Every structure is written in C-alpha cells, then in structure tokens.
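The structure under discussion appears below in the form of structure tokens.
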Amino acid sequence: MVKRDLLGTKLYIESDIGKAFNMDTIILSDFVRIPKDTKSILDFGTGNGAIMLYLSQRFQGQITGIELQEKRYELAVHNIKLNNLEYRLDVVNMDLKTYRSKKHADIIVSNPPFFKVNSQTKQSIDMDMQIAKHEIHLNLETLIEAVSKNIKHGGLFFMVHKADRLEEIILVLNKFDFKLKRMRLVHPSLHHEPNQVLIEAKFKGKGHLIVEPPLIQYKEKGIYSDEMQSIYDGRMYHK
C-alpha cells in the first residue's frame, strides 16, 4: 500500500502500487459539471474512491460510490476516513445490476471498464485489474441501463470511454432515453487520433449537442499541454 497526494488537491489517497488513479480519473473529474441545485451524486464503479474525493472538493452534498470488488470497496471506505469525509461520502459494496438508490440521483459519474472481451483480448493476470479494465462483469449496455434506473428525470450522466466506441455509446444512450448533451475528444497529441471521449448525457433530455474543442494531453514528448498541466494542478479545485 502506498499513500500519496491526490493530484491538484490537499487530499490523500492510499492504494496498491500502480492502482491509485490514472489520467482517466483526473480528466473525468475535471469534465463533470455540477449545477447549483445538485443534491446527490453517485459514482458507479468507484474503485478506491478517487473520483468521489475529487468531486468532494467542488460539491458539499452527499456522494455515494458503488463498487463490486470487495478489496476496492474497502480501500474506498479507508480513503474516505483518511480524509475525514465520512459525514458526506459513503460506499456500497454491490453489483450495479441489482443496486437501486433510495432516491434517484441528480448526477451519476462512471469510469467503467473500456475493453470488450473476446478470444483476442489481452488480459492482465491480475483479476482485480481484469475486472476494472475489461467488460467481464459490466458492459456498456448494462452500465447505462443501471444508470437509467438510478437517475432522476433530467439528471446528468458523465462518463469517460474509448473514442473508437463513440457510435456504440450514442446508440446505447438513446436506447435508454439519454440525450447526448456535451462531448469532448481526448488526443494524446495534436498529431494522434483521439483515444478517449468525455461524455455528458441527460436522462429524458432535449436540446442540442455541444462538441467542445479537443483536449490535447501532450504538446511534445513527455511535456503536458498547458491545459493538461492546469488540470493536473487542480484548476477546478482552487477557485
């Protein structure tokens, strides 16, 4: 176990080496928009609680994480206590397929497994990482169906996913009555195709789609773009 700073904040996080959080966690937390009338947020597949911790720096209401894997659930509970946030953050150890919130949430966020599983899939020998990265227990359709059952009418869903699955993402969102409201493609550099997409969708929503300018991660090898550096520095948490 390693204790480290939660980048861009004054919080701490503990996790196994290499499993604390990654760029997906950081850019999704930055992308999430929290309207003033928001009362509750759910984090589907919370892992060790990193996204909940980030959002707690911008939102003073209740945040609940849902996590299937017991070890990750225990880490999330530990990290909440480590930062003295038990009074407004909590975690449930449950499968999203059966989870039902007592009150429908205003916002649901998720950094889900990205990769489909087939005979060509290269999987980690670490089962914990397999479940976190591959659609073994949770695929895209099951995730969005679960979101639809736990979000209020007009609620917002935020997700980071693989850019090459964007067409499928839109089809599944539409199937469960979500309207894509805002998206942003994430490129490793100016000269590379996007590898991720940030999504904001509204349950039973209407209106037009906002396509934001792309987020470029590196301006040259090993050097973050100015915007990426500002995200790592915690631009959303020091206003």
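The values are calculated or read from the model by the stated rules, or taken from the named source; none is laboratory data. Quick caveat, the model's predicted, so the values are computed rather than measured. Counting neighbours? That spans all protein chains shown, and the Cβs are built from the backbone with ideal geometry, glycine included. The protein model used for the area step is the full one, side chains on, heavy atoms only, and it has no ligands, DNA or RNA in it. Shrake-Rupley method; radii C 1.70, N 1.55, O 1.52, S 1.80 Å.
Count, please, the residues in the stretch 26-50 that happen to be on the phi < 0 side of the Ramachandran plot, open to solvent by less than 60 Å² (accessible area, probe 1.4 Å), in a loop (DSSP other than H, G, I, E, B) and in contact (Cβ under 8 Å) with a residue 60 or more places away in the chain.
Just the residues of the stretch 26-50 that are on the phi < 0 side of the Ramachandran plot, to begin with: 26-44, 46, 48, 50.
Within this subset, residues satisfying the condition of being open to solvent by less than 60 Å² (accessible area, probe 1.4 Å) are 26-32, 34-35, 38, 40-44, 46, 48, 50.
Those still in the list that are in a loop (DSSP other than H, G, I, E, B) too: 32, 34-35, 38, 46, 48.
Imposing the further condition that a residue be in contact (Cβ under 8 Å) with a residue 60 or more places away in the chain reduces the set to 32, 34-35, 38.
Summing the residues that are on the phi < 0 side of the Ramachandran plot, open to solvent by less than 60 Å² (accessible area, probe 1.4 Å), in a loop (DSSP other than H, G, I, E, B) and in contact (Cβ under 8 Å) with a residue 60 or more places away in the chain in the stretch 26-50 gives 4.
Return only the number of the condition from (1) assigned to a helix (DSSP H, G or I); (2) within 29 Å of residue 184 (Cα to Cα); (3) over 17 Å from the mean Cα position of the chain (by Cα) that residue 76 does not satisfy.
Checking residue 76 against (1) assigned to a helix (DSSP H, G or I); (2) within 29 Å of residue 184 (Cα to Cα); (3) over 17 Å from the mean Cα position of the chain (by Cα), the one that fails is (3).
Each row is one residue, and each column tells you yes or no for (1) in contact with a helix residue (DSSP H, G or I) (Cβ under 8 Å, 6 or more places away or on another chain); (2) surrounded by 15 or more Cβ atoms within 10 Å (Cβ to Cβ).
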position: 13; (1), (2): yes, yes
position: 24; (1), (2): no, yes
position: 52; (1), (2): yes, yes
position: 66; (1), (2): no, yes
position: 84; (1), (2): no, no
position: 100; (1), (2): no, no
position: 108; (1), (2): yes, yes
position: 112; (1), (2): yes, yes
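All but one of (1) open to solvent by 30 Å² or more (accessible area, probe 1.4 Å); (2) assigned to a loop (DSSP other than H, G, I, E, B); (3) closer than 18 Å to residue 32 by Cα hold for residue 202, so report the exception by its number.
Only one criterion is unmet by residue 202, namely (2).
Looking at (1) surrounded by fewer than 17 Cβ atoms within 10 Å (Cβ to Cβ); (2) within 21 Å of residue 1 (Cβ to Cβ); (3) at pLDDT 95 or above, which is the only condition residue 61 fails?
So residue 61 meets the others, but not (2).
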